[in-house]
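Following: one structure in structure tokens, then a few remarks.
The values are calculated or read from the model by the stated rules, or taken from the named source; none is laboratory data. Keep in mind that what you see is a predicted model, and the values were worked out from it rather than measured. FYI the Cβ positions are ideal-geometry reconstructions off the backbone, even for glycines, and counts take in every protein chain you see.
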Amino acid sequence: MSLLKRLEKEKEREKEKPRQDNTPRIEVRQIISLPQAQDPWRELKGIIHKETIKNIKLDNIVLEEIEPIVQKVIDNYVESNGALLPRNDRQRIVQEVVDEILGFGPISPLLKDESISEIMVNGPNQVYVERHGIIELTNVTFQDDNHVLHIIEKIVAPIGRRIDESQPMVDARLPDGSRVNAVIPPLSLIGPVITIRKFSRDPYSVEDLVTFGTLNREMAQLLEACVKARLNILVSGGTGSGKTTTLNVLSSFIPEHERIITIEDAAELQLNQSHVITLETRPPNIEGKGMINIRDLVRNSLRMRPERIIVGEVRGGEALDMLQAMNTGHDGSLTTGHANSPRDMLSRLETMVLMAGMDLPIKAIREQVSSAIDVIVQQSRLRDGSRKITHITEVLGMEGDTIVTQDIYKFEQKGVDSNIHVLGGFKAAGIRPRFMDTIIAAGQILPENIFIS
């Protein structure tokens, strides 16, 4: 949605015009009442916001002109009412009104803060953030439930998604690729809830992950060689463990000349290669029709002459199509999945294949999995908030009815220090993986001592 259309909608909202479509208006009721933070300038900001919207010329709007308009409205108000407005408060009000018109209201400063990795809006009176792996409460508040709902609509409308009583949950993304999930009443009993997983404006490189302690340099060299040798890699881990960040870093190792197709629920990957096709799922329309899911996109991508297929996350029947793609000449595919360990990830893949509705024997599914997946990269978020690659595991194949794996690298935790920081280190298992022949055949050279513990 363009800025022009958003401002037209703002004007209609201020005039309280009835909606012209058949979508029911949502009246959000706050069921659990929390103490409302008192803002002494709340009423003044409402007046300035309305007057600013009235003074904006929609036919020839320039972003740089909005702040002077807000300043002028404040000057007129102060002069006509004889009000005393301190300079610091004036500047804060100007910024908050501009954020309300052009940005995402009270959470705009949080979105600009590079130290914040997650924003959690729990109704209008409670906003938490995750900073350096630690969750903390902020002093940010909204006016009421409808104010939160208005911000949700500003987020989801530009990408063609909707949220209302018939569809009270939505996944979306911000212009910078940050992931957004929103839930509204009646599902949420504390009012509208927003969860934003922020991503760095400049995608993290492998050097950044080494600096953060997510992996060591030897592991980085190994994973780079695996990607360039076109091994199929699955990144597994829990929620918030950093799977998407690691997937993005692994994707950066793909050679520039290869054709890459990415498939995601909400587009998050930030690839720097030039030949990238980004596909995104589509939810059903208001009539419940027109839904396009990941499985549809995976099947369609096979007709698009892909050299690499990257699926943001497999969580259902699309796992079968992904495995078949890996087994039918589309080497070098990458994806992520939720699991607590590499062995759990293999079990989950079996379950997801069964979710596709195919009545396959377990042994046949395991054979598909073992021949498709070459490497599992297990990532975890530890108790101190740090994110580590805890396993790099090779899938060897089948022995009888069991999938055989071996760990190449592991993170060994030895305890915590007085500041509850996790102590430990990465250790090679001392085993030369079988896929080294594939890596050598692809012309990738690794240090001879890389697998020595």
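Provide a single number: the residues in the range 178-206 that are farther than 30 Å from residue 251 by Cα, out of contact with any strand residue (DSSP E or B) (no Cβ under 7 Å at 6 or more places or on another chain) and surrounded by fewer than 20 Cβ atoms within 10 Å (Cβ to Cβ).
Residues in the range 178-206 being farther than 30 Å from residue 251 by Cα, out of contact with any strand residue (DSSP E or B) (no Cβ under 7 Å at 6 or more places or on another chain) and surrounded by fewer than 20 Cβ atoms within 10 Å (Cβ to Cβ): 3 in total.
Report whether or not residue 232 is in the same structural domain as residue 349 (by TED's automatic domain parsing), polar (S, T, N, Q) and more than 24 Å from residue 308 (Cβ to Cβ).
For residue 232, the condition - in the same structural domain as residue 349 (by TED's automatic domain parsing), polar (S, T, N, Q) and more than 24 Å from residue 308 (Cβ to Cβ) - is not met.
On the given criteria, is residue 321 within 25 Å of residue 453 (Cβ to Cβ) and among the acidic types (Asp, Glu)?
no
Please enumerate the residues belonging to the range 119-163 that are among the hydroxyl-bearing types (Ser, Thr, Tyr) and either more than 20 Å from the chain's Cα centre (by Cα) or surrounded by 20 or more Cβ atoms within 10 Å (Cβ to Cβ) (or both).
Across the range 119-163, the qualifying residues are 138, 141.
Taking into account only those residues within the range 265-280 that are at pLDDT 90 or above and out of contact with any Ser or Thr (no Cβ under 6 Å at 6 or more places or on another chain), which is surrounded by the fewest Cβ atoms within 10 Å (Cβ to Cβ)?
That would be 274.
Could you check, for the range 242-265, whether at least one of its residues is assigned to a loop (DSSP other than H, G, I, E, B) and under 19 Å from residue 130 (Cα atoms)?
yes
May I ask you to list pairs of residues, at least six apart or on different chains, whose Cβ atoms are under 8 Å apart, with the first in the range 295-315 being in contact (Cβ under 8 Å) with a residue 60 or more places away in the chain and under 19 Å from residue 338 (Cβ atoms) and the second being of a type in the set (D, E, K, R) and assigned to a loop (DSSP other than H, G, I, E, B)?
Pairs that qualify, where the first residue is in contact (Cβ under 8 Å) with a residue 60 or more places away in the chain and under 19 Å from residue 338 (Cβ atoms) and the partner is of a type in the set (D, E, K, R) and assigned to a loop (DSSP other than H, G, I, E, B), are 312/265; 312/268; 313/265.
Hey, among 298, 249, 311, which residue is of a type in the set (A, V, I, L, M, F, W, C), at pLDDT 90 or above, assigned by TED's automatic domain parsing to the domain that holds residue 353 and over 16 Å from the mean Cα position of the chain (by Cα)?
298
Pairs, please: C-beta under 8 Å, at least 6 apart or cross-chain, first residue more than 16 Å from residue 116 (Cβ to Cβ) and in the range 192-213, second hydroxyl-bearing (Ser, Thr, Tyr) and surrounded by 21 or more Cβ atoms within 10 Å (Cβ to Cβ)?
Close Cβ pairs satisfying both conditions: 209/245; 209/246.
Condition test on residue 239, is it assigned by TED's automatic domain parsing to the domain that holds residue 319, part of a loop (DSSP other than H, G, I, E, B) and of a type in the set (S, T, N, Q)?
Criteria met by residue 239.
If I go through the range 121-133 residue by residue, how many of them are in a loop (DSSP other than H, G, I, E, B) and modelled with pLDDT of 90 or more?
Selection size over the range 121-133: 4.
Taking the range 266-281 only, how many residues are farther than 16 Å from residue 302 by Cα and not in a loop (DSSP other than H, G, I, E, B)?
The qualifying residues number 0.
For residue 175, which of the numbered conditions (1) over 20 Å from residue 268 (Cα atoms); (2) surrounded by fewer than 17 Cβ atoms within 10 Å (Cβ to Cβ) fails to hold?
(1)
Residue 336: over 24 Å from residue 367 (Cβ atoms), surrounded by 15 or more Cβ atoms within 10 Å (Cβ to Cβ) and assigned by TED's automatic domain parsing to the domain that holds residue 269, yes or no?
The answer is no for residue 336.
Have a look at 249, 210 and point out the one that is of a type in the set (Val, Ile, Thr) and buried (at least 23 other Cβ atoms within 10 Å of the Cβ).
Values: 210 fails: buried (at least 23 other Cβ atoms within 10 Å of the Cβ).
Answer to the check: 249.
Here are some conditions: (1) under 25 Å from residue 172 (Cβ atoms); (2) modelled with pLDDT of 90 or more. Residue 362 meets all but one. Which one does it not meet?
(1)
Mind checking which residues of the range 217-243 are surrounded by 21 or more Cβ atoms within 10 Å (Cβ to Cβ), within 26 Å of residue 156 (Cα to Cα) and not charged (D, E, K, R)?
Residues satisfying the conditions are 241, 242.
Does residue 389 satisfy the criteria of being under 29 Å from residue 132 (Cβ atoms) and surrounded by 13 or more Cβ atoms within 10 Å (Cβ to Cβ)?
yes
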